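The values are calculated or read from the model by the stated rules, or taken from the named source; none is laboratory data. Since we're looking at a predicted model, the values are computed, not measured. Backbone-built Cβ (ideal geometry, glycine too); neighbour counts: all protein chains shown. Note: accessible area is taken over every heavy atom of the protein model, side chains too, but ligands, DNA and RNA are not part of it. Shrake-Rupley method; radii C 1.70, N 1.55, O 1.52, S 1.80 Å.
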Amino acid sequence: MAVGIDDNEDLTSLRVDARTQDLLLDAQRECTFAFATKEGWPAGVVMSYLYRDGAFWLTAAAGRTHVLAAQRDPRVTLVVSNAGTDLPGRRMLAVRGRVVVHTDAETKRWFYPAFAKRHAPDHPEAFRQLLDSPNRVVLEVRPVRIAVSHDSTKMPGDGRGGGTGTRPTRK
């Protein structure tokens, strides 16, 4: 049985490798930040991130639901896909991590300029000033493990049943 030709069930061979992970995290700028509400419901928000030194760095206003949830329970999952990037295929990874909520000036001093340069390269100083508000926090997510990943480019026909290596249709 060949994955993507005869079988589309066992996709363990399609996990994202280290090189593809680096490409994905560099190409993408947004992730889904998944957390548990106070009532225990799963929830998520789409957030921009900066990936640096093995951690995801994000920012939000202090009173937002996801910030309050992270302060209550630091276990979160970040989901990153290649949607909207120039990377071919369908690639994604879900990263389990632990959040540290930073409110200190030292973290903000390096984070805001780096974040603004990545997300507003034409006007980084204006964006940095906008971010530097009294109730803003910086979220540092340190990965614990990759929970799920997928790279459809490892399949013939990009996982849609066509392309190199496909067998003729049975009648």
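Contact map, region 42-65: first residue touching a residue at least 24 places away in the same chain (Cβ under 8 Å), second residue aromatic (Phe, Trp, Tyr) and open to solvent by 40 Å² or more (accessible area, probe 1.4 Å), Cβ cut-off under 8 Å, separation 6 or more or different chains; pairs are Trp57/Tyr51. Of the residues making up region 37-82, those that are in a helix (DSSP H, G or I) and surrounded by fewer than 19 Cβ atoms within 10 Å (Cβ to Cβ) number 4. Scanning region 106-145 for residues being open to solvent by less than 40 Å² (accessible area, probe 1.4 Å) and free of Cβ contacts under 8 Å to residues at least 12 places away in the same chain gives a total of 1.
Of the residues that make up region 27-34, is at least one at pLDDT 95 or above, part of a strand (DSSP E or B), out of contact with any strand residue (DSSP E or B) (no Cβ under 7 Å at 6 or more places or on another chain) and open to solvent by 30 Å² or more (accessible area, probe 1.4 Å)? So far as region 27-34 goes, no, none of its residues is at pLDDT 95 or above, part of a strand (DSSP E or B), out of contact with any strand residue (DSSP E or B) (no Cβ under 7 Å at 6 or more places or on another chain) and open to solvent by 30 Å² or more (accessible area, probe 1.4 Å). Just a yes or no: is a residue in region 107-114 of a type in the set (Phe, Trp, Tyr) and touching a Lys or Arg at 6+ places or on another chain (Cβ under 6 Å)? Within region 107-114, one or more residues are of a type in the set (Phe, Trp, Tyr) and touching a Lys or Arg at 6+ places or on another chain (Cβ under 6 Å).
Just to be sure, is Val148 more than 21 Å from Asp53 (Cβ to Cβ), assigned to a strand (DSSP E or B) and open to solvent by 60 Å² or more (accessible area, probe 1.4 Å)? Here the answer is yes, as Val148 does meet what is asked. For region 66-78, the condition holds for at least one residue, the condition being that it is more than 18 Å from Ile146 (Cα to Cα), charged (D, E, K, R) and out of contact with any strand residue (DSSP E or B) (no Cβ under 8 Å at 6 or more places or on another chain).
So is Leu93 within 25 Å of Asp22 (Cβ to Cβ) and not in a strand (DSSP E or B) or not? No, not satisfied.
Just so you know, in region 85-105 the residues that are open to solvent by 50 Å² or more (accessible area, probe 1.4 Å) and at pLDDT 95 or above include one that is farthest from Leu131 (Cα to Cα), and it is Arg96.
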